[in-house]
């Protein structure tokens, strides 16, 4: 549509020339179509029988994954409405850590059902109001049917972690990895008031290629991807007293340019001796504090390394800031920014610091920490791509366990809670008056997309399965869902397929908010992209000798 208007026959320019504008139905249809395409792109990745995506970036790097957030991040989406769907996945991942694919699929289906209502001339505001009513009812229903678990019984935590990894590339090792994940999260969980708190960042995940996934281990301490800096230093230190330094063990260069005028060899020697004295003083200061291990966030001069090795002190340089923070937490040490202020009270304690060779690389293991509220999962896969996907899978599983530690409530999987919510909302819709009733019913229908997609991805007939599921839920079978590995409808709680309530609630919130945000747009005004300035005639050659002819 034109972005200019006529006033008394004279055209009035309102928007910059080249601006594109679409309004009303055209804008809504375009936005909904773009969002549906994004949902369609991740839909086949849902569930244990979902497919993986191979994503190749502009540098030719390959990523193979079925993780919704990673797929959408790597896709480099340009359409503004489609970008909102990517934000849904990000919000879901940041809040709950799992369920990203489900959130995008549900949002796409909500928009698809809304499109059908728009074609019947139902106003977007009416649809949005109906969706809000239905969302509140859905959240109320899922809270009511959720099961409260006892965190002392870790079997539910493990089942939820297994469910999270069942749809990933690492599914054949899901039980083994779920065990490690549960132990790791329980190790870093802390009591807070009546409940517990846990932070996924306290679990460090390191990857080393060269073995099988069954060799993945949980280290009760910190593993740093570094090595001891000097060959003469001890590679194993028991009863370690660790100095954590944030300052460099080097002589700082001055900010100003300066010149030294040296007239005799004695002056050179005095200058070098002075530098050596300053560096030796650094090593002496560390030794005086009682430290036998130094982990430095910045550089360590070769001369300081020499003096430290003579004193039998092991040193590591250029450690990551995040590793330093974890070490301070685990060893009860303080990160010191000024070497002069280092005292014995600042030192961290661990029963063992050892350099070990894993595959082709050397790693530093810091074990038996004073307060082991930080642990490490060391992934050993046969290829870098498998390791990367394992890291993503473990991250999702860690988030699922964290969600349960924070809010110990679960629901069964396999589309069962969505079918139950759909049934309750449909009955609730009958009591609604006006056109909102249609929107409430549309929301209920949209929730069935999870069961439909799981069925389609398993190569089963969705019509037969959905009919069976509806009839079972009508009879009061709350946890009837589709168990895709056997291809049958059954009680998902008996099948041991569980998901955290927090993940399901966030899916409903993220999907509904994205759908209503896109439905509310009825005018898209897009400025033309800036063009590069035109080149001179004849390209860069225009500035050549030919241009000199006038002289």
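Some notes on this structure:
- Tally, over the stretch 178-202, of residues that are touching a strand residue (DSSP E or B) at 6+ places or on another chain (Cβ under 9 Å) and closer than 20 Å to residue 67 by Cα: 1
- Residue list for the stretch 200-219, filter: surrounded by fewer than 14 Cβ atoms within 10 Å (Cβ to Cβ) and closer than 22 Å to residue 321 by Cβ: 201
- Scan the stretch 331-350 for residues that are closer than 15 Å to residue 373 by Cα and not in a loop (DSSP other than H, G, I, E, B) and the total you get is 4.
- Hits in the stretch 140-157 - residues which are closer than 13 Å to residue 504 by Cα and touching a helix residue (DSSP H, G or I) at 6+ places or on another chain (Cβ under 8 Å): 141, 142, 143, 145, 146
- The lone exception for residue 354 - which of (1) at pLDDT 85 or above; (2) assigned to a helix (DSSP H, G or I); (3) out of contact with any helix residue (DSSP H, G or I) (no Cβ under 8 Å at 6 or more places or on another chain) it fails: (2)
- Residue in the stretch 408-431 that is without any contact (Cβ under 8 Å) to a residue 24 or more places away in the chain, surrounded by fewer than 21 Cβ atoms within 10 Å (Cβ to Cβ), more than 25 Å from the chain's Cα centre (by Cα) and not in a helix (DSSP H, G or I) present: yes
- Considered as a group, the residues in the stretch 434-454 that are without any contact (Cβ under 8 Å) to a residue 40 or more places away in the chain and part of a helix (DSSP H, G or I) include one that is surrounded by the most Cβ atoms within 10 Å (Cβ to Cβ), and that residue is 451.
- The strands (runs of 3 or more DSSP E) found wholly in the stretch 1-57 and carrying at least 2 residues that are surrounded by 11 or more Cβ atoms within 10 Å (Cβ to Cβ) and modelled with pLDDT of 65 or more occupy 20-23, 53-56.
- When restricted to residues that are within 32 Å of the chain's Cα centre (by Cα) and crowded, with 19+ Cβ neighbours inside 10 Å, the stretch 295-321 contains 6.
- Verdict on residue 463 being in the same structural domain as residue 47 (by TED's automatic domain parsing), farther than 18 Å from residue 411 by Cα and either without any contact (Cβ under 8 Å) to a residue 60 or more places away in the chain or part of a helix (DSSP H, G or I) (or both): yes
- Filter result (in contact with a helix residue (DSSP H, G or I) (Cβ under 8 Å, 6 or more places away or on another chain) and free of Cβ contacts under 8 Å to residues at least 24 places away in the same chain) within the stretch 466-498: 466
- Within the stretch 178-200, tally of residues that are out of contact with any helix residue (DSSP H, G or I) (no Cβ under 6 Å at 6 or more places or on another chain) and touching a residue at least 24 places away in the same chain (Cβ under 8 Å): 9
- Given (1) within 22 Å of the chain's Cα centre (by Cα); (2) over 29 Å from residue 209 (Cβ atoms); (3) surrounded by fewer than 17 Cβ atoms within 10 Å (Cβ to Cβ), number of the condition residue 405 does not satisfy: (3)
- Screening 378, 386, 398 for residues that are crowded, with 22+ Cβ neighbours inside 10 Å and outside the structural domain of residue 502 (by TED's automatic domain parsing) leaves exactly one candidate, 398.
- Test result for residue 359, surrounded by fewer than 22 Cβ atoms within 10 Å (Cβ to Cβ), more than 12 Å from residue 244 (Cβ to Cβ) and at pLDDT below 85: yes
- Filtering the stretch 184-199 to residues that are surrounded by fewer than 18 Cβ atoms within 10 Å (Cβ to Cβ) and closer than 23 Å to residue 365 by Cβ leaves 186, 187, 199.
- Selection status of residue 294, free of Cβ contacts under 8 Å to residues at least 60 places away in the same chain, touching a strand residue (DSSP E or B) at 6+ places or on another chain (Cβ under 7 Å) and part of a helix (DSSP H, G or I): no
- No other residue among 143, 172 is more than 19 Å from residue 436 (Cα to Cα), free of Cβ contacts under 8 Å to residues at least 60 places away in the same chain and under 30 Å from the mean Cα position of the chain (by Cα) apart from 172.
- Evaluation of residue 160 against the conditions (1) buried (at least 16 other Cβ atoms within 10 Å of the Cβ); (2) out of contact with any helix residue (DSSP H, G or I) (no Cβ under 7 Å at 6 or more places or on another chain); (3) farther than 22 Å from residue 53 by Cα shows that the sole unmet condition is (2).
The values are calculated or read from the model by the stated rules, or taken from the named source; none is laboratory data. Every value quoted in this text rests on a predicted model; they were computed, and no experiment measured them. FYI the Cβ positions are ideal-geometry reconstructions off the backbone, even for glycines, and counts take in every protein chain you see.
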